[in-house]
Amino acid sequence: MIILGIETSCDETSASLIEIKRGEFKILKNIVASQIKTFQKYGGVIPELSAREHLKKIIPVIKKALPSQGKKIDYLAVTQGPGLMTSLLIGLETARALAYLWKIPLLGINHLEGHIYANWFKKRKINFPLVALIVSGGHTEIVLMKEHGKYKKIGQTLDDAAGECFDKAAKMLNLGYPGGPIIEKLAQRGNNHCYKFPRPMIKSKDFNFSFSGLKTSLLYFLKNNFKKKNKLEKELPNICASFQQAIIDVLVEKTLRAVQKFQVKTLLLAGGVAANQALRKNFQNKIEKREMELEFIYPDLKFCTDNAAMIALAGYFHILKKKITPLDKIKVNPQLEIGNE
Ligand code: KG4
Ligand code: ZN
């Protein structure tokens with residue numbers, strides 16, 4: 001079976017082709033055209049501009065992902081939300097037209113579900129029940145999964161997402177966009193105990209997060225201590241390391257508490273922030289230190305950030321569950337949630 005995935009929810013136009021043979025997955029093509037260069041000068045994504053970029057790139061990107069002659073696409077899978085309305089529309093309507101033309105079924109996929117399923121490229125058989133921490137530019141959620149396709153949200157951010165916190169901090173420090181990878185790189189040369197930043201909600205009994213106060217604390221910290229630019233430059237590694245550690249501490253603590261409360265034996269990371277090496281190491285260290293009997297899985301770097309391969313793979317699990325919506329009934333939903341049912 002061959003599935004073509006299409007992803008346009010934010011600032012990457014992506015089309016990927018996966019083949020499933022006797023239950024094994026093979027990625028035949030994974031084309032990702034990033035809009036990062038366009039948005040670097042703005043320090044964030046501008047929806048209207050993003051949609052125009054998707055329009056320019058969607059056909060060339062899909063063309064590059066098409067199979068070699070003799071191979072036929074059996075299904076199309078496309079992100080229907082959450083994300084930017086106009087960007088999502090371009091992906092979905094292009095996919096709908098192709099599905100109509102090629103006379104094949106189209107699967108509407110939740111982007112967050114795609115992020116979770118990126119882990120199945122890493123390991124073919126993953127044991128349930130599991131806890132997944134989704135950490136991306138727009139979301140920070142802890143999800144409990146008892147079987148394929150069944151999600152229960154047990155916690156989420158009450159304001160900013162973890163990735164957004166990285167991005168906004170980088171903007172305050174004049175470091176560019178997206179902030180996560182830049183802050184991570186600087187942090188590698190810094191001391192994470194150098195400065196004290198708050199760990200919001202780390203002690204609260206629920207599984208929710210809040211990152212906007214942490215962001216504000218950085219703003220005041222910079223105002224009070226670093227009026228001179230050259231002094232700030234020298235301290236960037238220490239500031240980034242200390243700030244990053246505050247985010248990591250909250251994510252690790254609350255997620256491991258959820259693992260204990262729901263007594264699961266598998267933990268997955270998902271989303272762009274899962275690319276952060278320090279986050280992965282902190283999880284690993286705490287799991288070992290607490291002697292937790294837990295399998296800890298995270299996707300390869302290129303499958304942490306947005307890509308259409310994860311959308312195609314989530315589509316495969318929809319097919320297994322016979323979850324196929326008629327072509328004219330699939331709609332975009334910028335606010336689509338996961339695990340609220
Ligand atoms: O999943 P993603 O590509 O897009 C969304 O669905 O939002 O995530 C993008 C987010 C951005 O906020 C970016 O700063 C963050 O992931 N990110 C990172 C790293 N790589 C990407 N955050 C921390 N460390 C990284 N290495
Ligand atoms: Zn994403």
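The values are calculated or read from the model by the stated rules, or taken from the named source; none is laboratory data. Because the structure is predicted, anything quoted here is derived from the model rather than measured. With ideal geometry, Cβ positions are generated from the backbone for all residues, glycine too; neighbour counts draw on all protein chains shown. With ligands, DNA and RNA removed, areas are computed over all heavy atoms of the protein, side chains included. Shrake-Rupley method; radii C 1.70, N 1.55, O 1.52, S 1.80 Å.
All conditions but one from (1) in contact with a Phe, Trp or Tyr (Cβ under 9 Å, 6 or more places away or on another chain); (2) surrounded by fewer than 17 Cβ atoms within 10 Å (Cβ to Cβ); (3) in a loop (DSSP other than H, G, I, E, B) apply to Leu232; the one that does not is (3). One residue stands out in segment 4-37 among those that are closer than 30 Å to Ala170 by Cα and without any contact (Cβ under 8 Å) to a residue 24 or more places away in the chain: the one that is farthest from ligand 1 (Cβ to nearest atom), namely Lys37. Can you tell me which residue is nearest to ligand 2 (Cβ to nearest atom) among those in segment 135-158 that are free of Cβ contacts under 8 Å to residues at least 40 places away in the same chain and more than 23 Å from Asn276 (Cβ to Cβ)? For segment 135-158, the residue satisfying everything is Lys150. Screening segment 122-182 for strands (runs of 3 or more DSSP E) wholly inside it with 2 or more residues that are within 11 Å of ligand 1 (Cβ to nearest atom) and either on the phi < 0 side of the Ramachandran plot or of a type in the set (Lys, Arg) (or both) returns the ranges 130-135.
Of the candidates Glu295, Glu288, the single residue that is among the acidic types (Asp, Glu), touching a residue at least 60 places away in the same chain (Cβ under 8 Å) and in the same structural domain as Leu214 (by TED's automatic domain parsing) is Glu295. Select from segment 56-70 the residues that are at pLDDT below 95 and open to solvent by less than 90 Å² (accessible area, probe 1.4 Å) and list them in ascending order. Those that are at pLDDT below 95 and open to solvent by less than 90 Å² (accessible area, probe 1.4 Å): Ser68, Gly70.
Listed conditions (1) under 30 Å from Leu106 (Cβ atoms); (2) surrounded by 13 or more Cβ atoms within 10 Å (Cβ to Cβ); (3) within 16 Å of ligand 2 (Cβ to nearest atom) are all met by Phe317, apart from (3). Across segment 5-29, the number of residues qualifying as open to solvent by less than 10 Å² (accessible area, probe 1.4 Å) and away from ligand 2 (no atom under 11 Å from the Cβ) comes to 8.
Are any of the residues in segment 255-272 part of a helix (DSSP H, G or I), open to solvent by less than 20 Å² (accessible area, probe 1.4 Å) and under 30 Å from Thr94 (Cβ atoms)? Even if it seems obvious, please write down each step before you answer.
The initial filter retains those residues of segment 255-272 that are part of a helix (DSSP H, G or I), namely 255-261, 272.
In the following step, the residues that additionally are open to solvent by less than 20 Å² (accessible area, probe 1.4 Å) were identified as 255-256, 258-259.
Subsequent filtering for residues that are under 30 Å from Thr94 (Cβ atoms) retains none.
No, the conditions are met nowhere in segment 255-272.
Scan segment 96-126 for residues that are in contact (Cβ under 8 Å) with a residue 24 or more places away in the chain, over 24 Å from the mean Cα position of the chain (by Cα) and open to solvent by 10 Å² or more (accessible area, probe 1.4 Å) and jot them down.
Looking only at segment 96-126, we keep the residues that are in contact (Cβ under 8 Å) with a residue 24 or more places away in the chain, and these are 96, 98-100, 102, 104-124, 126.
Retained after the next criterion (residues that are over 24 Å from the mean Cα position of the chain (by Cα)): 96, 98-100, 102, 104-105.
Result: Arg96, Leu98, Tyr100, Trp102, Ile104, Pro105.
Leu219 meets all of the listed conditions (1) within 23 Å of Lys185 (Cβ to Cβ); (2) assigned to a helix (DSSP H, G or I); (3) open to solvent by less than 30 Å² (accessible area, probe 1.4 Å) but one, namely (3). As a summary of the residue check, Glu53 satisfies the conditions (1) modelled with pLDDT under 95; (2) open to solvent by 10 Å² or more (accessible area, probe 1.4 Å) except for the one numbered (1).
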